[in-house]
Amino acid sequence: MKVLGIETSCDETGVAIYDTGAGLLAHNLHSQIDLHAVYGGVVPELASRDHIRHLPLLLKRTLADAGIDAGRIDAVAYTAGPGLAGALLVGASVAESFALARGIPALPVHHLEGHLLSPLLAADPPAFPFVALLVSGGHTQLMRVRGVGDYALLGESVDDAAGEAFDKTAKLLGLGYPGGPQLAKLAEEGRPGQFRLPRPMLHSGDLDFSFSGLKTAVLNVVSAPDWRPGQAADLAAEFQQAVVDVLCAKALAALKKVGLKTLVVAGGVGANRCLRETLDAALARRGGRVHYPEPALCTDNGAMIAFAGALRFAAGERGAKIATVSIRPRWPMTELRPPRTPAA
Ligand code: ATP
Ligand code: MG
Ligand code: FE
């Protein structure tokens, strides 16, 4: 079964084709970073319009890369939320129209389920059950995952997401947009411990996080009269270490709480090298293992949507009988259920 996946929840247009037998056949991505960079953040209306411009082209290119024509697609999966309403509507409309025109099913997919299941696309995928640490631009969550659609929330950020904290701190340090990866790069040149930043909620006794205070702590350092820009790498390193310390401690606490030794990390911050090294070492000491998506699939992409859709289609789930373009800009992942076959 060949599933076309379409992702347009924010500022990347992603299209992919996943074959339940042969695996990922092709995937393409168009990033809108240059479009939004001058504004220092994503402008929703510009994002929608750019998705309209690029989605048809990307669709054509992805079919060509896979070496098939549109008639060979068996089903369409698209991101229906959470995300920017206008951006989601573009992907949903194109996906539902494509499916309607060809008489094939279309399935709305949860963006975070896409992120969360993306490590299963790897050559050596983790087995259920596992604990998932979802660290993206909009979310920081720990989940107990028993299977597709069986997600229990163990803890989450009470304010900023980890990726958001990276981006906002990068801005404070005068780095470009989006700042997360640039801040991580700068941190590699510095030494943690030269400054002392807090480890927020490290001893809160629960599995929740807080990152907005960390950003404020950085603001205080760079606003002080004795601040010298030459110290930016050391401050970046300390900031990164603080985030990693908390993420690692809480992930380990979550594993302990539910009695598991397999951790899955998904979302853009999962590309962070310091986080990976720290988690790998911690789990190795405990006889466990961490699974990540391949680096290119950490941030938003169509492959994870095609894949999540394919798992649900393969389990018998079908979309609505009548084409409906419905999106959910806000959509808690814990509302998801395992795939189910439509009532006879
Ligand atoms: P969500 O999935 O919650 O809706 P999103 O789609 O914007 O949010 P992703 O695309 O998964 O999030 O990830 C983007 C985030 O990852 C950004 O905040 C970015 O700064 C961060 N990020 C990417 N690479 C790194 C890195 N190497 N180190 C730290 N953060 C990173
Ligand atoms: Mg993005
Ligand atoms: Fe995302």
Residue-averaged 222 nm ellipticity for the chain, from DSSP H runs of 4+ at -39500 (n - 2.57), nearest 500: -13000 deg cm²/dmol
Provide the FRET efficiency to the nearest 0.05 for the Phe128-Ile68 pair, computing r from the beta carbons and using R0 = 30 Å. 0.45
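Using Cα-Cα distances under 8 Å and only pairs 6 or more residues apart, what relative contact order does segment 128-292 have, in percent? Can you show the working numbers first?
Numbers: 315 pairs, mean separation 44.9, N = 165.
With pairs under 8 Å counted, the relative contact order is 27 percent.
Sorting Lys171, Lys250 on the 10 Å Cβ count, fewest up front, what's the list? Could you put the intermediate results ahead of the total?
Values: Lys171 17, Lys250 22.
Lowest to highest Cβ neighbour count: Lys171, Lys250.
Rg/Rh for segment 88-179: what does it come to with C-alpha atoms and Rh from Kirkwood?
A ratio of 1.08.
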Counting alpha carbon pairs within less than 8 Å and at least 6 residues apart, what relative contact order, in whole percent, applies to the chain? 25 percent
Arg228 to Ser212: extension gain in nm, 0.36 nm per residue of separation minus the Cα-Cα distance? 3.5 nm
Order the peptides 238-247, 297-306, 145-154, 190-199 from the highest to the lowest mean number of other Cβ atoms within 10 Å of their residues. 297-306, 238-247, 145-154, 190-199
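Using the Kirkwood radius built from alpha carbon pairs, what does the Stokes-Einstein equation give as D for the chain at 25 °C and 0.890 mPa s, in µm² per second?
On the way: Rh = 20.6 Å.
The Stokes-Einstein estimate is 119 µm²/s.
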Could you check the spin-label model distance between Arg276 and Lys185? Points 7 Å from the Cα along Cα→Cβ, value in nm. 1.6 nm
Ser326-Leu35 FRET efficiency (beta carbon distance; Förster radius 30 Å; 0.05 resolution): 0.65
Sorted largest first, extent of segment 30-169 alpha carbons per principal axis (Å): 43, 42, 25
Calculate how many DSSP beta bridges within the chain are antiparallel, expressed in % of all such bridges and rounded to the nearest 5. 60 percent
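Neighbouring Cβ atoms within 10 Å as the yardstick, rank Ser31, Ser157, Ser9 fewest first.
Values: Ser31 16, Ser157 21, Ser9 27.
Going from least to most buried by this count: Ser31, Ser157, Ser9.
Could you order peptides 212-221, 90-99 by the average number of other Cβ atoms within 10 Å of their residues, highest first? Display every interim value, and only then the final one.
Values: 212-221: 17.0, 90-99: 21.7.
So the order, starting with the most tightly packed, is 90-99, 212-221.
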Need the list of lysines near Lys171 for cross-linking: C-alpha distance under 20 angstrom, and skip anything on the same chain fewer than eight residues off. Lys185, Lys215
In µm²/s, what is D for segment 123-261 at 10 °C and 1.306 mPa s, where D = kT/(6 pi eta Rh) by Stokes-Einstein and Rh is the Kirkwood radius from Cα pairs? 100 µm²/s
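Bear in mind these aren't lab numbers, they're just calculated from the coordinates by the rules spelled out. These numbers come from a predicted model, not from an experiment. A quick note on method: Cβ atoms are made from the backbone with ideal geometry, for glycine too, and the neighbour counts reach across all protein chains shown.
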